[in-house]
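Student: Please read through the structure below; I'll follow up with questions.
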Amino acid sequence: MNVRKTQMDGVLLVQRAVCADERGTFEVVWNAAECAKFGIPTNFAQDNLIVTRRGVLRGMHYQSRLPQGKLLTVLEGEVYDAAVDMRPDSPTFGKAWGAVLRASDHESLWLPPGFAHGFEALSERVVYLYKVTQPWDPERAHVLAWNDPHTAIPWPLVAGQAPILSEKDREGRSWADVSREMSQHC
C-alpha cells in the first residue's frame, strides 16, 4: 500500500498493490493494520455499494451529526470524485478538491469526517464501494449545492448536457447558507 497526501488537509489517495498472473488479479482493498499506519480508522460502521451510469452526479452530501469518514473505491469504471472541507478549524475549510478515480488505477480515496462528498459517473457503468465510519443519519444528512459558485467544483460535465440528479441533490443549499449556519452553532 502506497499512500499519498493531497492538497486537502487529511485527504489521502491510497494505491493498492495488485498481484497479477494468467488467472487474473488479486488485491487487498482494505486492511485494518495497514490503514491504521496512515491514520485511517479501522472502525468502519457500514459498507455502501452503488451501481450507476454515465452522467449521474451524486452530492455533495454531508452529515452535521455523526460526520462520516469515507474510504471510497471504484470497482468498475471511473468517476470524478469531489470533496469540500466542512471543518471550520481546518486550514482548507470551504475549499473544494477533486480527482478522477478509475478501477484500473487500483486507488482508493480517504476522506476524514467533516467533508461534503459527491461524484460524477464518467463511464457507461460504475460500481462504487465505500466504507463509512458512522451510519447514515437521515435527520442530520444534508446536501451542499453541487454547483455552488463559492466551491466552484470543476465537474467534467459534457457540454450542453445537464447531470442526472436526484431531487434532493437538485435542492442542495448554497455554501453561504451552510457556512452561516455552521458559524452560528460554533
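The values are calculated or read from the model by the stated rules, or taken from the named source; none is laboratory data. Note that the structure is predicted; figures quoted are calculated from it, not measured. FYI the Cβ positions are ideal-geometry reconstructions off the backbone, even for glycines, and counts take in every protein chain you see.
Student: If we keep just the residues of region 137-180 that are exposed (fewer than 12 other Cβ atoms within 10 Å of the Cβ) and among the acidic types (Asp, Glu), which is farthest from Phe115 (Cα to Cα)?
Tutor: Glu167
Student: Are any residues in region 121-154 assigned to a loop (DSSP other than H, G, I, E, B), of a type in the set (Phe, Trp, Tyr) and either within 15 Å of Ser179 (Cα to Cα) or in contact with a Leu (Cβ under 8 Å, 6 or more places away or on another chain) (or both), and if so, which ones?
Tutor: Applying the first criterion (assigned to a loop (DSSP other than H, G, I, E, B)) to region 121-154 yields 122-125, 133-137, 145-154.
So of that shortlist, the ones also of a type in the set (Phe, Trp, Tyr) come out as 136, 146.
The answer is Trp146, and nothing else.
Student: Here's a follow-up. In this structure, is Val127 crowded, with 16+ Cβ neighbours inside 10 Å, at pLDDT 95 or above and either in contact with a strand residue (DSSP E or B) (Cβ under 7 Å, 6 or more places away or on another chain) or farther than 23 Å from Ala99 by Cβ (or both)? Can you show your working first?
Tutor: Values: crowded, with 16+ Cβ neighbours inside 10 Å: no; at pLDDT 95 or above: yes; either in contact with a strand residue (DSSP E or B) (Cβ under 7 Å, 6 or more places away or on another chain) or farther than 23 Å from Ala99 by Cβ (or both): yes.
Against the criterion (crowded, with 16+ Cβ neighbours inside 10 Å, at pLDDT 95 or above and either in contact with a strand residue (DSSP E or B) (Cβ under 7 Å, 6 or more places away or on another chain) or farther than 23 Å from Ala99 by Cβ (or both)), Val127 does not qualify.
Student: A further question follows. Just to verify a result, which residue in region 19-50, among those that are of a type in the set (Val, Ile, Thr) and farther than 25 Å from Glu139 by Cα, is surrounded by the most Cβ atoms within 10 Å (Cβ to Cβ)?
Tutor: Narrowing region 19-50 to residues of a type in the set (Val, Ile, Thr): 25, 28-29, 40, 42, 50.
Among the residues that remain, those that are also farther than 25 Å from Glu139 by Cα are: 25, 28-29, 40, 42.
On the way: Thr25: 9, Val28: 11, Val29: 13, Ile40: 24, Thr42: 12.
Restricting to residues being of a type in the set (Val, Ile, Thr) and farther than 25 Å from Glu139 by Cα, the top hit is Ile40.
Each row is one residue, and each column tells you yes or no for (1) at pLDDT 95 or above; (2) under 13 Å from the mean Cα position of the chain (by Cα); (3) within 14 Å of His61 (Cβ to Cβ).
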site: Ala103; (1), (2), (3): yes, no, no
site: Trp110; (1), (2), (3): yes, yes, no
site: Pro113; (1), (2), (3): yes, yes, yes
site: Glu120; (1), (2), (3): yes, yes, yes
site: Ser123; (1), (2), (3): yes, no, no
site: Trp136; (1), (2), (3): no, no, yes
site: His142; (1), (2), (3): yes, no, yes
site: Ala159; (1), (2), (3): no, no, no
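Student: Just give me the residues in region 1-34 being in a helix (DSSP H, G or I) and either acidic (Asp, Glu) or touching a residue at least 40 places away in the same chain (Cβ under 8 Å) (or both), in sequence order.
Tutor: Glu34
Student: Is it the case that region 87-110 has a residue that's in a loop (DSSP other than H, G, I, E, B), crowded, with 19+ Cβ neighbours inside 10 Å and touching a Ser or Thr at 6+ places or on another chain (Cβ under 9 Å)?
Tutor: Of the residues in region 87-110, the ones in a loop (DSSP other than H, G, I, E, B) are 87-95, 106.
This time we only want the ones that are crowded, with 19+ Cβ neighbours inside 10 Å, so: none.
No, because not a single residue in region 87-110 is in a loop (DSSP other than H, G, I, E, B), crowded, with 19+ Cβ neighbours inside 10 Å and touching a Ser or Thr at 6+ places or on another chain (Cβ under 9 Å).
A quick yes/no check of all residues on (1) outside any loop (DSSP other than H, G, I, E, B); (2) not aliphatic (A, V, I, L, M):
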| site | (1), (2) |
| --- | --- |
| Thr42 | no, yes |
| Asn48 | yes, yes |
| Gln68 | no, yes |
| Val74 | yes, no |
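Student: Same structure, new question: Looking only at residues that are in contact (Cβ under 8 Å) with a residue 24 or more places away in the chain and part of a helix (DSSP H, G or I) in region 155-186, which one is nearest to Arg53 (Cα to Cα)?
Tutor: Only one residue tops the list, namely Asp169.
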